[in-house]
Amino acid sequence: MEVGQMQRQWLDYTKSLFLEGFLDGQFLQLQQLQDESNPDFVVEVVSLFFEDSEKLLNDLTSALGQQSVDFKRVDAHVHQLKGSSSSIGAQRVKNACIALRNYCEEQNIEGCIGCLQQVKHEYNMVKNKLENLFRLEQQIVAAGGSIPMTELGF
Amino acid sequence: MEVMESDHVHHAIEEQQEQQHFHVLAVDDSLIDRKLLERLLKVSSYKVTCVDSGDEALKYLGLVDDDVDKNSPASSSSSSSPQSPAQDGLKVNLIMTDYCMPGMSGYDLLKRVKGSSWKDVPVVIMSSENVPARISKCLEGGAEEFLLKPLQLSDLKNLEHYLLKPLHHSCQSNIISDIAAEDDGVDSSDDNINNDIIDSKSSSSSSNNNNSIINKRKAVSPEPSERRPRAKGLAVV
């Protein structure tokens, strides 16, 4: 595939992620902060998000599996996950966290467990999508092209 | 443009006017948010130092003493900071802190700073949660501004106002405190808009709803556009 085609593919894929609600405006802000002096900024921040989230999701699973659930602890973890997903623009993960927080406030264990599944689902989806996106970017750069961020036109 | 290295007066004036020399102390327990804020600030030509807690911030500012009594900032300010920051050569033009942190909250840090030799340094508080009572508390506690996360470049453009007009800023704080005291009638109507903690923030026009509490505050002030910069979500991008 030649560079122009890859760039168009990148544009279409990125736009679809926004249209389908996986990403919101905050992700655009991250992209705006990337430049020649910091060419890997988005990948770096998103990688931090992946690491952080996986740990939080494990902690949440474990906390909700306790005999006596410590809802304060659960809430603290969800708050953190909600914050980081919001910071990178992972809209659906953020929204799932908001729902989970509501169940937490109600101290509804079943609700929390079900909602946590939803959070994990959304997380895995956006992780997959972003990894695809980054792979496309690597291919474009390897072929000597540049990422057409300014053409997103939002 | 030529700058004479030996011309101290010229250099001092330049420091006042050029953002490159403004040093921001950023406090946030989230690594992701620290990274983001650091980048936002650097892109806006500020120097940045990031710390991950209020305690670390106090250490950095030289405000830590052994017998810390959190309930009486007066006593800690008299017994702490062995020398003034200016003597140390440490210059901090702005402190930006997250509100929700384990241990010392951003509000606690605000009070400690305001009760210390660093009291004239503007403090901006950030939070992912739009809670009117929290915002009022911080502003009345001496915070310059309350910003909703996630932060954007447009938020940082507003910071120039605090950094370039230090004297004017202290007048602003007093006026805003007075307005806050009279604000009760206006604030109650915010409940209709901000009944639940508004967490969502998008680049669409609906983001204006999240900032209505801050808009309301500015609306009470006679000259909102002059007195206070717009908080968030209102800058035309």
> Just checking, which of A:42, A:3 is within 23 Å of residue A:143 (Cα to Cα), β-branched (Val, Ile, Thr) and at pLDDT below 95?
Replying inline: A:3
>> For the range A:5-31, give me the residue count where each residue is free of Cβ contacts under 8 Å to residues at least 40 places away in the same chain and not in a loop (DSSP other than H, G, I, E, B).
In response: 5
> Based on what the data block shows, is residue A:62 of a type in the set (S, T, N, Q) and either part of a helix (DSSP H, G or I) or in contact with a Cys (Cβ under 8 Å, 6 or more places away or on another chain) (or both)?
Replying inline: yes
> What helices (runs of 4 or more DSSP H), lying completely within the range B:1-79, carry at least 2 residues that are modelled with pLDDT under 95 and small (Gly, Ala, Ser)?
Replying inline: B:73-79
> If you go through the range B:129-165, how many residues are touching a Cys at 6+ places or on another chain (Cβ under 9 Å) and surrounded by fewer than 23 Cβ atoms within 10 Å (Cβ to Cβ)?
Replying inline: 1
> Taking into account only those residues within the range A:44-59 that are more than 14 Å from residue A:126 (Cβ to Cβ) and among the hydrophobic types (A, V, I, L, M, F, W, C), which is nearest to the other protein chains (Cβ to nearest Cβ)?
Replying inline: A:48
>> Could you check the range A:18-43 and list, in sequence order, the residues that are within 17 Å of residue A:90 (Cβ to Cβ) and either away from chain B (no Cβ under 14 Å) or exposed (fewer than 15 other Cβ atoms within 10 Å of the Cβ) (or both)?
In response: A:19, A:20, A:21
> Quick one: how many residues across the range A:60-90 are crowded, with 17+ Cβ neighbours inside 10 Å, away from chain B (no Cβ under 13 Å) and either within 30 Å of residue A:137 (Cβ to Cβ) or among the aliphatic types (A, V, I, L, M) (or both)?
Replying inline: 4
> Across the range A:127-154, what is the number of residues that are more than 16 Å from residue A:42 (Cα to Cα) and either charged (D, E, K, R) or in contact with a strand residue (DSSP E or B) (Cβ under 9 Å, 6 or more places away or on another chain) (or both)?
Replying inline: 1
> Counting only residues that are aliphatic (A, V, I, L, M) and under 16 Å from the mean Cα position of the chain (by Cα), which one in the range B:37-53 is farthest from the other protein chains (Cβ to nearest Cβ)?
Replying inline: B:51
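The values are calculated or read from the model by the stated rules, or taken from the named source; none is laboratory data. Model, not experiment: these values are computed from the prediction. Neighbour counts run over all protein chains shown; Cβ positions are idealised from the backbone, glycine included.
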